[in-house]
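Trainee: I'd like to ask you about the structure that follows.
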Amino acid sequence: MSTRAIAFLKSEGIPYEIVQYPHEEKGAAYAARALGYALEATVKTLVVDLGNRSYSLALMPGHRQLDMKKMARACGVKRAAMADTATAERLTGYRVGGISPFATQHPLSAVMEESLLRNKQVLINAGQRGTMLQMDPAEIVRALGCPTAALC
């Protein structure tokens, strides 16, 4: 089993464990239920439109909603909005329900919701529906070189 995301983590020496489940429904809530994992420790990767053809990823706990004003502030822009499905898939090279922040088709910055760092391990998408990576959230920050911020 390999995806661009897994190949990237392997090449960077970032530790992870692959966890698979039968994909029957998109979303962090379904993945968490299918794997018996806490939703607050299941990361959803959102593609955010920052305006002027600029985009970023927001890494959020599955049980929380992204506050667009806080995301805009964290990215140093005036406004932010969710990207549409087609744009998210084009920029990342992954299908919605399987978007990973690692090895996206086009380079994208990312911001992680700071509360995720309270978990010893989280689940994050591996770049394919039904495949997650269990890893230390600090390793995600290190792999992406991304800041953390209060985004909820």
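Here, each number is a calculation from the coordinates, and none is a lab measurement. What you see is a predicted model; the values in this text were computed from it and never measured. Every residue, glycine as well, gets a Cβ built from its backbone with ideal geometry; the counts of neighbours run over all protein chains shown.
Trainee: Given the criterion closer than 20 Å to Ala150 by Cβ, over 16 Å from the mean Cα position of the chain (by Cα) and touching a residue at least 40 places away in the same chain (Cβ under 8 Å), identify the matching residue among Lys78, Lys70.
Mentor: Lys70
Trainee: Moving to a separate point now. Given (1) under 16 Å from Gly145 (Cα atoms); (2) in contact with a Leu (Cβ under 9 Å, 6 or more places away or on another chain), where does Gly62 come up short, assuming only one miss?
Mentor: (1)
Trainee: Is it the case that some residue within the stretch 135-147 is in contact with a helix residue (DSSP H, G or I) (Cβ under 8 Å, 6 or more places away or on another chain), under 22 Å from Gly27 (Cα atoms), surrounded by 16 or more Cβ atoms within 10 Å (Cβ to Cβ) and among the small types (Gly, Ala, Ser)?
Mentor: no
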